[in-house]
Every structure is written in C-alpha cells, then in structure tokens.
There are 2 protein chains.
Amino acid sequence: METVRSTITAVTSPVVDSLLPSSRPAKPWQEVAKEAQEHRDQTIAAVQPDIPNVPDELPLNVTAIPTQLLTAEELEITGQTAEQLLPKLASGKLSSVAVVNAFLRRAGLAQKLTNCITELLPHRALSRAAYLDDYLATHGRPIGPLHGLPISVKEHIGIRGLDLNAGFVSCRGEIASQTAHILQILHNAGAVFHARTTEPQTLMHLETSSNLYGETVNPFNRALTCGGSSGGEGALLALKGSCLGIGTDIGGSIRSPAGNNGVYGLRPTSFRLPIDGWKATMAGAEAIIPVIGPLSRSLEGLKIFMTVILDAKPWLKEPSLVPFGWREGLQVGWFGWRSEKRRLKIAVLWDDEVVKPHPPVTRALNEVVEKLRHKEGITIVDWKPFKHDLAWDVVASLYFCDGAADESSCINASGEPWRPLSNFIITDNAHVKEHTIFSLWEWTIKREEYKSKYAELWNQTASNYKAPLESLRDMVDVILCPVGPGAAPPLDCARYWGYTSQWNLLDYPAVVFPAIQADPEIDKADEGYISRNEQDEYNHKLYEPEEYRDAPVSLQLVARRYEDEKVMEALEIIRGTIDLPFSKGLSD
Amino acid sequence: METVRSTITAVTSPVVDSLLPSSRPAKPWQEVAKEAQEHRDQTIAAVQPDIPNVPDELPLNVTAIPTQLLTAEELEITGQTAEQLLPKLASGKLSSVAVVNAFLRRAGLAQKLTNCITELLPHRALSRAAYLDDYLATHGRPIGPLHGLPISVKEHIGIRGLDLNAGFVSCRGEIASQTAHILQILHNAGAVFHARTTEPQTLMHLETSSNLYGETVNPFNRALTCGGSSGGEGALLALKGSCLGIGTDIGGSIRSPAGNNGVYGLRPTSFRLPIDGWKATMAGAEAIIPVIGPLSRSLEGLKIFMTVILDAKPWLKEPSLVPFGWREGLQVGWFGWRSEKRRLKIAVLWDDEVVKPHPPVTRALNEVVEKLRHKEGITIVDWKPFKHDLAWDVVASLYFCDGAADESSCINASGEPWRPLSNFIITDNAHVKEHTIFSLWEWTIKREEYKSKYAELWNQTASNYKAPLESLRDMVDVILCPVGPGAAPPLDCARYWGYTSQWNLLDYPAVVFPAIQADPEIDKADEGYISRNEQDEYNHKLYEPEEYRDAPVSLQLVARRYEDEKVMEALEIIRGTIDLPFSKGLSD
C-alpha cells in the first residue's frame, strides 16, 4: 500500500490540527513567501540567454510586448500551436531543445508581465529535450505522440522532487514523492514540462491570488483578473509562454481562466482523466468530483491532450476511471447523426435568470448565433434555464462538507492572512456548514434530483419525447452559454460562479472558446437595469465599459455527461461554419 | 422536481426518529405481519386452477415435488429458460397467458415449499399477458424483445400501486407512487411481472428472514438457507417458478442466493443498470454503491436482461449511469484478444486466506480447474489474494456510515424484534460507527488505496508488466473463486461475506454459476484443521458433511471494473469447453 495514491494526501488532518497551537511554524509566513519567490526568480534567471527586462511602466494590455523582446526564431516557434509544432518535432525539423528554450524564454517574460509562474524548470526540461533530440537522431522515430513538446502544469499537480504547496504557505516545502499519474503519461508520450503555474489560496477562487506569489493579472488588461483557479495557465497561454497546459476544475477553474484569457479550455466529464498524485484539501470527498483538463492555444490541442491520455488506458492504474478511449468520429451524441446527416441542434442559454451577463457577453452570444442561424445543418433554439439558483445552493452546500475545516487549517497553520476571495467563498458563504452523514445524504439526494430533472428537460427538447428515448433524433445536442457573468472582472471581484459551477454539478463536459473582445465603444452599460437580487446587483454595478477594454469575451459549449467527444466535435463544426474568433486581437 | 427519484426515499429521517416515542404504531407488529401474510396468501389463492397442496411432511430436498403436482403442459413450459421461451412467445407458438399462468402456478407451489413469495400478481400479470397476446395477433409482431415473458422481482424494487416495505414491518403499507425505472424498461420490452419475492430485515443479510414473512429456505435442503438478500429470487428460480428475476447486491445479495440455489446471477459494475425507484435505507449514501442485477436459470438469460436494459439507453433518464451499451462480441477485455486468438487467462483464488472454504467448494474449484487445465486456448494460474481481511474492514466501515441509525429506526419503529443476522451485521459489528465527514473521507481514501493496489496486482499478472500498459497482452482476464466459504449454511449461520463483498468493494463485475452438489460421501471434513482466526473457526465448525447434503456448490467468475461483457463471455467460453454443471441435480 505504500506507493499507490500516496501523494493524494489531505493537506492536514485532525491530528495535525490539534497540534497546531504548540507547533507554530518556525518562520513567519512572509519569509516563506519570500523564499518561494526567490526560488521562482532563480529558476527564471537560469534560463539562457537572460530574459530581457520589461518596461517599468507597463501598459494595461501587455500581449504585444513579447514580440518586441524575443528573437525572430523564438517568436516563430512560440507563435505556433501544439498541432503545428508536433510534426516538426517528430520529423526533427525543429529540435526539442530549441522549442523548449523558446517557450522557457517567453514564459519568463510572461512572469514579468502577469506574475503567472511558480517556477520554471530549465534544467530538467532542457536535459529531457536533449535526450529526446538524441532519441530521434538515434532511432529515427519520435518517442511518442507528444515528442519534444513543452507543456505547462498548474502547481498542485505533483512532479517528483519538487515543491507541492497547493497555494498554501503552510504547505510550502512539502516535496512530491512521485509524479502525478497524468504527467507520467504525458512524459511517456514525449512531453517536456517547462513551467509550473500559479493558483490561488484554497484553489477555490475564480481568480489567482495567494500569499506565496501575490496576484496573477490578465495580459489583455492588467487591471483585470486572469481568472482562476488555473489562472497561471490562462495568462501564460495567452502570452504564448506555453501552447498546451494542464489545469483542474471543480467550479470553473479551467474555464474561467481559459475564458478570461481568450484560449481554449475543456472541463471533461468526471472519471475520464486520471487525478492520482495531485495535492488538494478534502481528500476523500466525493460529493462534487474535481477533474483535470487541458487549456490550449488551439482547439486541436485539447483533443491531442485527451487522445494521448486515453490511449494510455489510465483506468488500468486508476480504477475510479471509466474505461473507454476517445471515441473519434464515432458520433456527436449517441444517435450517430453524422452518418445520417442529422442537424446539429444548439440551444442558447442567454442568461441563467439569476445574474444577467454584461453587454459584451450578450454581444458575443448574439454575434455567434446570428452567424450560425441560417447555416445549412444547424438548428438554433433557446434553452430555458431550470432553477440555476437552486443548482448553486446544492453545489455550494457540497463543496466544503467539513465546514471548510481542512481549508481553514491549511491557511491558519502558517499565520498567513485570508485572501478576500477565500473569505468570500468560505467565511461569508452561508452554504458552508459541517455536514453530518445524514445531511450529506440529504444534499446528495438533492443533487441527484436536480440532475435527473435536468436530464428530463434535455430529453424533452426532442419533438416526440414521449416515444422511447432511443428513437429521439432531434434532441438538443449542445448548449451554448456564457463562461461567466462578464469578461474578466477587476481583481477580487469574481464572485459569481453559476455559469461554470452549474456544469460541475451536472457533471457535463464543457469547452470554452474565444469569440470577441470587450469594446467600450460598442458595449454600453444598461443604465436603466433593475437588478433581480443582490448577486445580480453586484455584477451589474461591476460593469464600467472602459474598465473592461480589450478583455477577451469567450463562450462555453456544453454537452450531456460523457459526451466530451460530442462537445468538441460540435465546436469544430461551429468553427468550420463561421470564422471564430471574430476579434483579431485574440490568439489562435 | 415532483416525480424524479421520488420513490428513492430514506425510509426514515431524524425528524421521524424524534417523533418515535409519541408515535408508536397503532397496531402490534405481529398484526401487521399477519396481514402481510394473509394478503400474500390471498394473491396465491387467486391463481387458477387452485395450486395443489403439498405434503405436510416435506423432505429436505423439495426440488422434485413440483413435477408431481403440475400438469404436463405446465411442466413443459416452466422447464424452459428465457431464451427458449422468447422465440415461442414472439411467434405465438406459446401464448403469454399460458406461460404466465404456468409460472404463477409453479411460483405458488414454490411459496408452499420454501416461503419465497411476498405476493403473486395474477390479475395484473394475466391481464397484461392477454393484452400482449392480442397485440401479437393484431400487429403480427411482438411488442418488444421480452414479449410475454414472466419476470419475478425482489420486493423492494417498486411497482406502482403496490406495497413497498423493504423488509421492515414499519414500512408495510407504504405504496409505491411509481414503477422503478428498470421495471419500466422491462415492461416496455414486453415483460410481465408475475411474482414479488422475499428479502430479509435490513436487506443486509446473506440470508432471507424477516418478521413480515419469516424465513425463506433452500429448496435443495430445507434445513439450509436460500441465501440473501435476494433469497426469494434464488429459491423461486431453483424451483422454476420463474426463469428470470431481479435482485440487488451491495455485499453479495445477488450472488449468495444464485450460488446457494444453483442458478446464475450477475452483479454488474456500478452505474450500468438503473436503480431509480427502489426503496432502501440510507438513501444518498455513495461510499459503497449498490447495484441491481439479474438472476436466471440460464446464463443466456443474464445477457438478455443486460442487453434489453442497456438498449433502452437508461442513462438518458438516470444521469448517474455510464452511457454505453452492451458491447457484444467487442472484446474480452480491452485488447481485442478474440480476433487475435489470444488465450483466456484464468487466475484461481482457491482461498482468500481469511476463511478457508469448506471441502465441497474446494472440490468444485478442483473439478473445474482440472478439466480446463490442458484445454486449447486456456491458461490457468493461481491468484494470490491481497489482504482480503483489510478489504472487509474497509467495506464494513463504509456500509453503515450513519452508525446504522437509519436501519435501527426502521426496525424499532414497529417494535418488531431484531433478527439474529441483523444483530450480527449491526449490533455486534465493530465496524459500525457513525462517521464524521472527516472519518468518512479517511475511509474513502483507504477504499481507493485498496482499489489501486488491487489494480496494480492485476497489471502485474502480465509477464512484461513494466512495459506501457496498453501493450500487455497476457494479463489475467478473470478470477475464478468461491461464492462463499461453503455451500448454503444452516439458517442464521451465513456470517462471512468476504467472498462476495470483496468484489463490491473493488466494484468488479462477478457472475455466479452452478458446478456440483455437496456430497457427504465425498466431501469429508478436515478433522485436523487448525483455524486461523475466529471467523475461520466459526466457519470450520459449521461444516458437518451430512448437513450439507444436496446443497448446490457454485463458483464465481470476476473481471475488472466495467468488464461485465468480458466476465460473461469468459463464462460462455468455459462452459463451451467443459460440460457445466457437473451435477445432474442442478437446473439448466
């Protein structure tokens, strides 16, 4: 029993708790944070040639700065997506050393521009890259489908021998005893891990701020958040310091940063991708299942990620996973419509009826829908949301079943202060209560009831829904909806999770893609708007058009449980039909 | 929200508990039980022609009695399996009315011989059968793949308008507001529900005794148990009062009665078959997932059951289910070996090293293994059990996370006495404690650690297990093992769950099949045996060869999670290679 899942550890335990008063940390938390930042800076300083300095006075939008500071070759390399780089790496047209070093340099710059890195791994990454270059030269073939490709990793996904702190000062200094299962698969496929990225205190913010590293900001507008909790990934990918990265999501943590930074992100259905070897609080909790998933500068990158992992049959090592691969071209959905030339039926969720999206979000939806509306093979209908406020009550009541004791211990153990959004989601969150077994069961039943009701509503989108279900061929395929109630908000203001946590509760796969950028000239505030509730009022007041200038506005496509392939295929069809993203400022 | 899962109700709640002292039941429990039995007897009396009386003095083995008391036509019909009856029903060669009535008559006899019925449904069943006969005559085709076939149902799987008591006196009188999802699918496929069968108090015995109906006994030897908790199904099927039935299993409750009665039973992997609409305590509990599955007089019957349910895409209505059908002929396992003529590799678990199986069980294993050992295409190896005692600690610590408060309330609410095996599994079970959220998480982690370790051991059965897992082609396919530590024990003595609960913990699919019958002339006791522990001593002392005379001895075949198709296909191959069952006294 000594090796299996040994790195999936509760970060604290009641025994540790009871020891806390007499075992205060030896160092003040500020000193621990200073050491963490010094270590980070040393790893960046180790990249050669030295990473150029950036201007003292940075503009709000820093996305163009790397193009002024890197070499033409580096820009050529880092401007490419995973699917563009891989054949060149596999053929030797590009060496892995050159590619990895170019991304290391750009990642170092991204750190200076947005504070998105916890450490770079130049020594490990370049030595691995050199090995792979040798391997290709010697064997005449790549080592695997990701041969030589640099991949960035959110910090709490463990790498053997490296720190694993999950955003808590108290955990800084804990060393991973083994590399996470998913990273082992990527490594075996030829990937090179070059950068580790920031995450927030608790991992439960839709932003990225911790006392170890401070705040990660949005490269399109540094006054705005990069989103979170996989926010370091979002900012790094937008600045092209990586082309493919790994995040985690229990309430929006892949999709928020993908959306805020104008890149692609997929929250797969639970139990498809392996999670053994990450570090998080509340180990053993099962009421809401967290997932790992990819963020990428291209849609194709997400699919490459999924196929490589699933081709390795991770369920043989991690028995909680469902044992089937990526069902390429099999069907969009379970009815094989492609072979029958069935229409793609898209339902549009304009507004969840709890918090009204800001004008840029509604414009993005409008532009996409108007372009799709009369296209051959595509049907557009409206989606009527069903009690998304109840959905939040349920999911929020099941996030911290221990009353957030574990989270609180991890924060308090070092004496570090609570970040504003930690207070928001724990201290000020009326749903956070310690459950008894019985109350856990009660909320679990509410969760299942809600899921069943949503399934029933989805079934009813078929015109003849009273017929045996297997014969329904015009059921809605996917829901098109916002990623959040606005584009990236100002720091510490991401306080409505509903547009993403909804799909965690339902365990639906969801992919995020860029559409437009916020434009204060077009996206005027609705001055006469009467708010529906406190959350809606907060969000409405947040919208000052000028403050959101340049912010990417992304959308979310959602399918039913385990229809991960379908949601990806549907987005490919949509992108093949209309020319997304519409804004030239967004990466692709 | 008003309809979905509304019949999955916790049978009690803390609110009800607190009311108990002032709301004692209006009637003594004995009166409630008497009414239940009178109702049962009335439904049996409604079957025409009257069911013959059985001798006052019954022999221990009553399996031959129905052949003396039923008509030749009834014996001809009820002697057939599901796959033999279905084409005749579909073509009209046999009418559904004739078939249903024959099985009603034989089920009534089975009740008189073993006490396995809670009620027969002659009016509903015959009126449905007449409708189906008309349908066939009018339309010239059957209504569905189960057209006209009678199916028996364990009582706690709800049928609209009928009592739903789950074995508790206090629940007698509660009426199901809708029919369970799985029964709806069977009904739509043309099945006719003709009999409801007994289950024990708490549903958590490997026997079948309740204060509502008393004890169900084994038709091969009435001094022995029929097993449980789906024990009514086991006895009814063995007596051919049904050819296909439905049970449920969280620790062996399908496999124990299938094994004890010499019929087939499948515990599918969790989340394959729908469970909405059954009644059980501890609704909302997820630490160990209970499943529904078929019991059948034939192996083919199990497969018919699985394919009919999965063809209806139950995941569209019940979103906790995994969305894939029965993968017919796809592969045994994930390597497509059949197309490559790979060998079937069977690992034999002779003994779990906690409780040594009785001599008849070891003989059954020996006979099967010796016949298979040198057959073309079959490889036999030994399976080394890994800490099955720890496995019991984990699963038993996760069965009653509320400290069995819910079970206790349901028993105590009526004043009915605790059955001996209710005391065994709750009162006298040191693992039963009320968990905190934190201790629930701790045990959940232990569960996952154990599952991962077992997966690793399974992977290591491949000769080159250090290679990438996807290339391993000589991994063990299935484990062959006992169903229990002996054949059916005397009443109230089924006190070791390890041979079945092991696979619930691991969530492996497991199919049970008959092999031999216990024979005191051959299966001598091991007089010099030195027991390993208290459980082993209890089991060893239980073995008196003469007491087990005629008891069916069955075996269990187990595959990895979600390899339900593989375990069935492997058993088909085994049966195609050697002529099972070896004992002519066993049904087929």
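Things to note:
- Placed amide H near A:W383: partners under 5 Å, 5+ positions off or other chain: A:V348, A:L349, A:W350
- Among the GluC sites (Glu not before Pro) in the range A:32-118, those placed in a DSSP loop whose Cβ has at most 12 other Cβ atoms within 10 Å are A:E57.
- When the charge dipole of the range A:81-577 is built from unit charges on Cβ atoms (+1 for Lys and Arg, -1 for Asp and Glu) and taken about the Cα centre, the candidate among A:F220, A:I522, A:V355 whose Cα reaches farthest toward its positive end is A:F220.
- Across the identical copies, how the B:D526 labels are spaced - nm, sorted shortest first, 7 Å along Cα→Cβ: 7.7
- In the protein assembly as shown, the DSSP beta bridges split such that about 70 percent are antiparallel, to the nearest 5.
- Across the identical copies, how the B:P59 labels are spaced - nm, sorted shortest first, 7 Å along Cα→Cβ: 9.8
- Summing charges over neighbours of B:K541, with a neighbour being any other residue whose Cβ is under 14 Å away from its Cβ, gives -4 when K and R count +1 and D and E count -1.
- Rounded to the nearest 20, the size of the Cβ-charge dipole of the range A:81-577 about its Cα centre is 1640 debye, with Lys and Arg at +1 and Asp and Glu at -1.
- Cα gyration tensor category, rounded, prolate or oblate, for the range B:322-463 with a/c compared to 1.5: prolate
- Backbone amide hydrogens, once placed in the peptide plane, bring A:C116 within less than 5 Å of A:Q111, excluding anything fewer than 5 places away on its chain.
- Across every direction, the projection of the convex hull enclosing the Cα atoms of the range B:432-588 has a mean area of 13.2 nm².
- Total formal charge among the other residues, if their Cβ is under 11 angstrom from that of B:S210, Lys/Arg +1 and Asp/Glu -1: -3
- Under the shape rule built on the C-alpha gyration tensor, where the axes satisfy a ≥ b ≥ c, the range B:261-406 is oblate, since a/c reaches at least 1.5 while a/b does not exceed b/c.
- Coordinate range of the alpha-carbon atoms in the protein assembly as shown per principal axis, descending: 101, 67, 61 Å.
- Charge dipole (the range A:81-577, unit charges on Cβ, about Cα centre) - positive-most of A:P417, A:W315, A:W503: A:W315
- At a probe radius of 1.4 angstrom, the accessible area of the range A:81-577 per residue rounds to 29 square angstrom.
- For B:V553, distant residues with modelled amide H under 5 Å away: B:A515, B:I516, B:Q517, B:A518
- Within the range B:37-117: Cβ-based charge dipole about Cα centre, in debye rounded to nearest 20 (Lys, Arg +1; Asp, Glu -1): 280
- For the protein assembly as shown, with +1 on Lys and Arg beta carbons and -1 on Asp and Glu, the positive-most of B:G148, B:G486, A:F438 along the dipole: B:G148
- Put simply, the convex hull of the Cα atoms in the range B:391-476 casts, on average, a shadow of 8.0 nm².
- Calculated from backbone phi, Karplus (6.51, -1.76, 1.60) coupling profile of the range B:162-172 in Hz, x at Gly/Pro: 10, 4, 9, 10, 6, x, 9, 4, 5, 9, 4
- In order along the range B:347-358, phi translates into HN-Hα couplings of 9, 9, 9, 6, 6, 7, 6, 10, 10, 6, x, 5 Hz, rounded to whole numbers, per the Karplus curve 6.51 cos²θ - 1.76 cosθ + 1.60 with θ = phi - 60° and x for Gly and Pro.
- Computed with a 1.4 angstrom probe on protein heavy atoms, the A-B interface buries about 5100 square angstrom of accessible area in total.
- Cα gyration tensor, the range B:342-421 - rounded (a/c under 1.5), prolate or oblate: prolate
- Plainly put, the tip 7 Å out from Cα toward Cβ on A:G79 is 8.4 nm from that tip on each other copy, the closest given first.
- Couplings for the range B:416-429, taken from phi via the Karplus curve 6.51 cos²θ - 1.76 cosθ + 1.60 with θ = phi - 60°, read 5, x, 6, 5, x, 7, 5, 4, 4, 8, 10, 4, 8, 9 Hz in order; Gly and Pro are left as x.
- Other protein chain Cβ atoms within 10 Å, averaged over every residue that makes up A:404-411: 1
- Over all pairs of different C-alpha atoms in the range A:85-190, the reciprocal of the mean inverse distance, the Kirkwood hydrodynamic radius, equals 14.8 Å.
- The mean of 1/r over all pairs of different alpha-carbon atoms in the range A:462-545, once inverted, gives a Kirkwood hydrodynamic radius of 16.1 Å.
- The orientation-averaged shadow of the Cα convex hull for the range B:154-220, equal to a quarter of the hull surface, comes to 5.4 nm².
- Expressed in units of 2.2 N^0.38 Å, where N is the residue count, the Cα radius of gyration of chain B is 0.92.
- Estimated from helical segments only, the mean residue ellipticity of the protein assembly as shown at 222 nm is -11000 deg cm²/dmol, where each DSSP H run of four or more residues counts as -39500 (n - 2.57).
- Whole-percent carbon and sulfur share, accessible surface of chain A, 1.4 Å: 52
The values are calculated or read from the model by the stated rules, or taken from the named source; none is laboratory data. All figures in this text were calculated on a predicted structure; none of them were measured in a lab. Because the Cβ atoms are built from the backbone with ideal geometry, glycine has one as well, and the counts that use them run over all protein chains shown. With ligands, DNA and RNA removed, areas are computed over all heavy atoms of the protein, side chains included. Shrake-Rupley method; radii C 1.70, N 1.55, O 1.52, S 1.80 Å.
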